[in-house]
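The values are calculated or read from the model by the stated rules, or taken from the named source; none is laboratory data. These figures come from a predicted structure and were not determined experimentally. We place every Cβ from the backbone using ideal geometry, glycine too, and count neighbours over all the protein chains shown.
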Amino acid sequence: MAYEMIVLTNMLIAILFAQSLNLITGFCGQVSLGHAAFLGIGAYTSAMLTKAGWPLAATFIPAMVIAGMIGMIVGAASLRVRHDFLAITTMGVSFLFTGIIRKQDMLGGEMGIAGIPAAYGGRVGLLLMTLCLTILFIIIMIYVKRSWMGYVFESIAEDEDTAGVLGIDVRRFKLFAFVLGTAGAGLAGALYAHQVRFIGPDSFGFVESVTVLSMVIVGGIGSIWGVTIAAALLSVMPQFFQVIDDYKLLVYGMLLFFAMRFMPDGLGGLAKRFRQNRNPDSSSERSQA
Amino acid sequence: MTAAKTSPLLLDVKNVTVTFGGLNAVDGARLALEDNQLLGFIGPNGAGKTTLMRAIIGMLTPSSGQIILDGQDISNRRLVDRINLGMALAQQIIKPLKDMTLLDNVALAAGGNKLLSPIKAMIHRSRQHEQDIAHGLLTEVGLADAIYKYPAELPLGFLKRLEVARALARQPKVLLLDEPLAGLSIKEAEDMADLIMGLPCKGRGVILIEHNLSQVRRICKTLYVQNNGRPLAFGATDDVLEKREVQMAYLGKSE
Amino acid sequence: MLAIDILIQGFIQGSIYALIALGLTLVYGLLRILHVAHASLFTLGGYLGVLITNATGSLFLALILAMITVGFVGMLSYRILYRPLLSQPPLIALIASIGIFIASEEIFRIIFGPFSISYVSAPLQNQIEILPGISMSEARIMVVVLAFVLLLGVNWLSRRTRLGIATRATVIDPDMAMSSGVNVDVIRYSIFFIGSAFAAAAGVMVSLLNNLVEPTMGAVPSYKALAIIVLGGLGSVRGALIASLLLGIIETFGTIYLDDLLDRDSIAFAFLILVLMIRPKGIFSKG
């Protein structure tokens, strides 16, 4: 039972984490290759606080606020760059984060932080807490998507310049997406730290950032259900691959490649194609643009 | 809006110069737009028409000069501020949002404050009010039958009208139309020109950049001509087209 | 350490970066794709260098064979990886490329084993005094010389040969080039060949400097080379070369003076972010 609970909790954390990036990359169209840094900020914040005696639930707000604040700074910086430059800048953020953490003795440096206290209620308590928060976040995402915010995000994701000509304050909305998304990652980080109970710089490196981005893209950019399913699958996949442990990364890497090659719109896009049954002309035009 | 009446001009462009890498693409442009006026803006290819239009709306920063919108100096304002102070642009290269119906394309532009404040955008869900406005505007431009269609399903002529409807949804004081007739058939161009003729009204002036001289002559009473980035003539259509320098500028070019 | 020592060290590092970045920036210029898997070719080059040298005893032969083989593998990577994805948004190709890169590290581990491999007898380890009081190993001199020769070679190619001129025309305006009879696909294959061969050369050089190769040796150069081509203003060859040298030098100084704050690999990115904030399209972008 304990093993299943760990797998389930991991899965839920991955979903929460992936949805937080879905807000930035999926809804608002801003690529981030450094999202794991914000998972890390939340994890470190929360771990330091619970080690100082705070209850886990009380660390959620600080973890979100600090991740969101740093997210705002990164977001403000990212406003200056676009497209590929944005991808590389956010990749830089990822390396910068681990680089800085490694040199901070206060945060455990290379060694990381061990002995993070267990959550109230142990594994069951953490699982329930994670379940509630993940569901809550998904509800918020659904709400955002249907509100004017989702409407505006959709236009920014498709064409920033046109959105600007329509009178949308593109910068403010992008910044808002960064703050919300990174705060969400901070929350996921707080849960993650108390799930694994040991964190180090390597838990939040570039590969983790790529992993979460691939969850969003395999799920289908902007699709809430697609990303949920992709995050669930990709997060448990390493457990299945235990059998073929030696080839884990090989399979994972090839999976990413084949997903992009044969399913560039992701699971969400696949579902959409079945549902809408649009004529093939319009869909081929879309992919060319 | 009584304060606005102190200035009779909706838009006053004073000596605007735009420089690209040492070259003056627009050099000392001067034009004025009155309330309820349709101003034609013509010039041969490469005259810097679109560049000036982009400088007016704020997509480019002029190196010198002033732009006054309804008595307020907006020279240093960002694009989004200018749009929200009452300008709108229908772009030459139409850019509909492909994943939305025409109705939603237009309704978005009617969003008002919700386009400026993320908080307001998050609080509001209903698009009913904006869709009603959009429905009215799409009817006005003759697209009432296509409101639930996606842009990919429609020909260029329809999308040009969509572009105009979207600009109108901003309820602009100054509406800039960048070559709305380009690429249309003769019949379509004629219909579009008729539509444009009806756009100026109390509180709204329209600037029409256009290559199609016969339609411009038909619908605009006032013309501004630019050549090689410099203002060439400004005044009543018939007088302007009589001028030697204007005819010279167009001579040798087709039309 | 003397400032001049640091400078030389930085210059060597920069030469290696330049060899890697050249292929990346050419690919970007041509296809607008961030070719992360380029680093796999760098690693492959390193392995071939060590293995062929150990088998034949000739480093020179190993270098040539590594460059040619990896050049062909590069062409293959274009064929199976990027060509089918050209009509997709660039992000799709980027993720696919990252996937291939992750998989390739594992393939190297499976084929060559998880541990590092060294030269049986490391070539070019004699010290030569290049300036009074400053001596360098032959291997290091070789790195700088080889980088210079190869980069001058590519410069000559691009200016004096039909292929080079066609390539430059294609980078500037693909449609125009195609309509004037340039076979764009041939250009792309050639660019992948040359860029990959250069990455292989860099791999051999690194294997020589460290006297070892390992499956993960491509990770850091791969991301850093991306930073370099961005610094240089994506797609600009000259920009990428200058940025490579600059970064090599800054990093070497940084590891000495900033060691308490940042590790070596994040200095590059700190510098990158700083530059992008001031010039959002790289140092050498126009306007």
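With the condition kept exactly as written, say whether any residue in the range B:36-49 is among the charged types (D, E, K, R) and surrounded by fewer than 18 Cβ atoms within 10 Å (Cβ to Cβ). First the steps, then the outcome.
So in the range B:36-49, the residues among the charged types (D, E, K, R) come out as B:49.
The next check asks that each one be surrounded by fewer than 18 Cβ atoms within 10 Å (Cβ to Cβ); those that pass are none.
No, every residue in the range B:36-49 fails to be among the charged types (D, E, K, R) and surrounded by fewer than 18 Cβ atoms within 10 Å (Cβ to Cβ).
In the range B:32-65, what count of residues is obtained for those that are hydroxyl-bearing (Ser, Thr, Tyr) and within 14 Å of the chain's Cα centre (by Cα)?
Taking the range B:32-65 as the starting set, the residues that turn out to be hydroxyl-bearing (Ser, Thr, Tyr) are B:50-51, B:61, B:63-64.
Remaining after also requiring within 14 Å of the chain's Cα centre (by Cα): B:50-51.
So the answer is 2.
Can you spot a residue in the range B:77-100 that is within 22 Å of B:LEU232 (Cα to Cα) and assigned by TED's automatic domain parsing to the domain that holds B:GLY235? Give the steps one after another, and end with the answer.
Step one: filter the range B:77-100 for residues within 22 Å of B:LEU232 (Cα to Cα), giving none.
No; the residues of the range B:77-100 include none that is within 22 Å of B:LEU232 (Cα to Cα) and assigned by TED's automatic domain parsing to the domain that holds B:GLY235.
Criterion first (among the β-branched types (Val, Ile, Thr) and within 23 Å of A:ALA232 (Cβ to Cβ)) does A:VAL65 satisfy it? Working first, answer last.
On the way: among the β-branched types (Val, Ile, Thr): yes; within 23 Å of A:ALA232 (Cβ to Cβ): no.
Here the answer is no, as A:VAL65 does not meet what is asked.
When you go through (1) touching a Leu at 6+ places or on another chain (Cβ under 6 Å); (2) within 14 Å of chain A (Cβ to nearest Cβ) one by one for C:ALA240, which number turns out not to apply?
(1)
In the range A:95-102, is there at least one residue being part of a helix (DSSP H, G or I), within 13 Å of another protein chain (Cβ to nearest Cβ) and farther than 27 Å from C:LEU276 by Cβ?
Pass one, the range A:95-102, residues part of a helix (DSSP H, G or I): A:95-102.
When the remaining residues are screened for being within 13 Å of another protein chain (Cβ to nearest Cβ), the result is A:95-102.
Checking which are farther than 27 Å from C:LEU276 by Cβ leaves us with none.
No, that holds for no residue.
Filter the range C:213-227 for residues that are within 10 Å of chain A (Cβ to nearest Cβ) and of a type in the set (A, V, I, L, M, F, W, C); which is surrounded by the most Cβ atoms within 10 Å (Cβ to Cβ)?
Going through the qualifying residues, I end up with C:LEU226.
Checking the condition over 19 Å from the mean Cα position of the chain (by Cα) and among the small types (Gly, Ala, Ser), which residue from A:ALA37, A:ALA52 passes? Spell out the reasoning first.
On the way: A:ALA37 fails: over 19 Å from the mean Cα position of the chain (by Cα).
Residue meeting the stated conditions: A:ALA52.
Given the conditions (1) among the hydroxyl-bearing types (Ser, Thr, Tyr); (2) more than 27 Å from B:MET197 (Cβ to Cβ); (3) within 14 Å of another protein chain (Cβ to nearest Cβ), report the number of the one that B:SER64 does not fulfil.
Condition not satisfied by B:SER64: (3).
Is it true that A:LEU175 is in contact (Cβ under 8 Å) with a residue 24 or more places away in the chain, surrounded by fewer than 24 Cβ atoms within 10 Å (Cβ to Cβ) and within 20 Å of A:MET72 (Cβ to Cβ)? So that I can check it myself, show each step before the final result.
Details: in contact (Cβ under 8 Å) with a residue 24 or more places away in the chain: yes; surrounded by fewer than 24 Cβ atoms within 10 Å (Cβ to Cβ): yes; within 20 Å of A:MET72 (Cβ to Cβ): yes.
When the stated conditions are applied, A:LEU175 passes them.
Starting from residues that are more than 14 Å from every other protein chain (Cβ to nearest Cβ), in contact with a helix residue (DSSP H, G or I) (Cβ under 8 Å, 6 or more places away or on another chain) and in a helix (DSSP H, G or I), keep the ones in the range B:137-167 and report whichever is nearest to B:GLN91 (Cα to Cα). Outline the logic, then answer.
Restricting attention to the range B:137-167, the residues satisfying the condition of being more than 14 Å from every other protein chain (Cβ to nearest Cβ) are B:138-147, B:157-158, B:160-161.
Still in the list and also in contact with a helix residue (DSSP H, G or I) (Cβ under 8 Å, 6 or more places away or on another chain): B:138, B:140-144, B:146-147, B:157-158, B:160-161.
Cutting the leftovers down to in a helix (DSSP H, G or I) gives us B:138, B:140, B:144, B:146, B:157-158, B:160-161.
On the way: B:LEU138: 17, B:GLU140: 19, B:ALA144: 22, B:ALA146: 21, B:GLY157: 14, B:PHE158: 14, B:LYS160: 9, B:ARG161: 11 Å.
Looking at the filtered set, the residue picked out is B:LYS160.
Which of the residues that make up the range A:69-117 are of a type in the set (D, E, K, R) and crowded, with 19+ Cβ neighbours inside 10 Å?
Residues of the range A:69-117 of a type in the set (D, E, K, R): A:80, A:82, A:84, A:102-103, A:105, A:110.
Of everything in the range A:69-117, those that are of a type in the set (D, E, K, R) and crowded, with 19+ Cβ neighbours inside 10 Å turn out to be A:ASP84, A:ARG102.
When A:ARG197 is evaluated against the numbered criteria (1) within 14 Å of chain B (Cβ to nearest Cβ); (2) surrounded by fewer than 24 Cβ atoms within 10 Å (Cβ to Cβ), which criterion, by number, is the only one it fails?
(1)
What tally of residues in the range A:123-153 results from selecting those that are at the interface with another protein chain (Cβ under 7 Å from one of its Cβ atoms) and not hydrophobic (A, V, I, L, M, F, W, C)? Even if it seems obvious, please write down each step before you answer.
First, pick out the residues of the range A:123-153 that are at the interface with another protein chain (Cβ under 7 Å from one of its Cβ atoms): A:144, A:146-149, A:151-152.
Checking the rest, the ones that are also not hydrophobic (A, V, I, L, M, F, W, C) come to A:146-147, A:151.
Of the residues in the range A:123-153, 3 are at the interface with another protein chain (Cβ under 7 Å from one of its Cβ atoms) and not hydrophobic (A, V, I, L, M, F, W, C).
Which members of the range B:89-108 meet the condition of being closer than 16 Å to A:GLY167 by Cβ and touching a strand residue (DSSP E or B) at 6+ places or on another chain (Cβ under 7 Å)?
B:LEU89, B:ALA90, B:GLN91
Could you please tell me which pairs satisfy a Cβ distance under 8 Å, a separation of 6+ or placement on different chains, a first residue in the range B:18-39 that is basic (Lys, Arg), and a second residue that is surrounded by 14 or more Cβ atoms within 10 Å (Cβ to Cβ)?
Listed pairs, sorted by first residue: B:ARG30/B:VAL13; B:ARG30/B:LYS14; B:ARG30/B:VAL16; B:ARG30/B:PRO231; B:ARG30/B:PHE234.
Look at the range A:104-121 and say how many of its residues are within 15 Å of A:GLY40 (Cα to Cα) and touching a helix residue (DSSP H, G or I) at 6+ places or on another chain (Cβ under 7 Å).
Qualifying residue count, the range A:104-121: 6.
Looking at C:GLY113, C:GLY133, which one is on the phi > 0 side of the Ramachandran plot, more than 17 Å from the chain's Cα centre (by Cα) and within 14 Å of chain A (Cβ to nearest Cβ)? Show your work before the answer.
Details: C:GLY133 fails: within 14 Å of chain A (Cβ to nearest Cβ).
One residue alone meets the criteria, C:GLY113.
Conditions (1) in contact (Cβ under 8 Å) with a residue 12 or more places away in the chain; (2) more than 24 Å from B:ALA25 (Cβ to Cβ); (3) touching an Asp or Glu at 6+ places or on another chain (Cβ under 6 Å), marked per residue:
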residue	(1), (2), (3)
B:SER185	yes, yes, no
B:MET192	yes, yes, no
B:ARG204	yes, yes, no
B:ILE207	yes, no, no
B:ASN228	yes, no, no
B:ASP238	no, yes, no
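Determine if the range A:40-49 includes at least one residue that is farther than 23 Å from A:GLY222 by Cα and within 14 Å of chain C (Cβ to nearest Cβ).
First, the residues of the range A:40-49 that are farther than 23 Å from A:GLY222 by Cα: A:40-49.
With the extra rule that they be within 14 Å of chain C (Cβ to nearest Cβ), the set shrinks to A:40.
The answer is yes; a qualifying residue exists.
Based on what the data block shows, is B:LEU38 under 24 Å from B:LEU241 (Cα atoms), in contact with a Phe, Trp or Tyr (Cβ under 6 Å, 6 or more places away or on another chain) and not assigned by TED's automatic domain parsing to the domain that holds B:GLY136? Spell out the reasoning first.
Working: under 24 Å from B:LEU241 (Cα atoms): yes; in contact with a Phe, Trp or Tyr (Cβ under 6 Å, 6 or more places away or on another chain): no; not assigned by TED's automatic domain parsing to the domain that holds B:GLY136: yes.
Judged against the criteria, B:LEU38 is not a match.
Looking at B:ALA88, B:ALA107, B:ALA134, which one is assigned to a helix (DSSP H, G or I), within 14 Å of another protein chain (Cβ to nearest Cβ) and touching a residue at least 60 places away in the same chain (Cβ under 8 Å)?
Details: B:ALA88 fails: assigned to a helix (DSSP H, G or I); B:ALA134 fails: touching a residue at least 60 places away in the same chain (Cβ under 8 Å).
The match here is B:ALA107.
Determine if the range C:179-200 includes at least one residue that is within 14 Å of chain A (Cβ to nearest Cβ) and buried (at least 24 other Cβ atoms within 10 Å of the Cβ). Explain how you work it out, then say what you get.
Within the range C:179-200, the subset within 14 Å of chain A (Cβ to nearest Cβ) is none.
The answer is no; no qualifying residue exists.
Could you say whether any residue in the range A:232-250 is within 12 Å of chain C (Cβ to nearest Cβ), surrounded by 15 or more Cβ atoms within 10 Å (Cβ to Cβ) and modelled with pLDDT under 70?
yes
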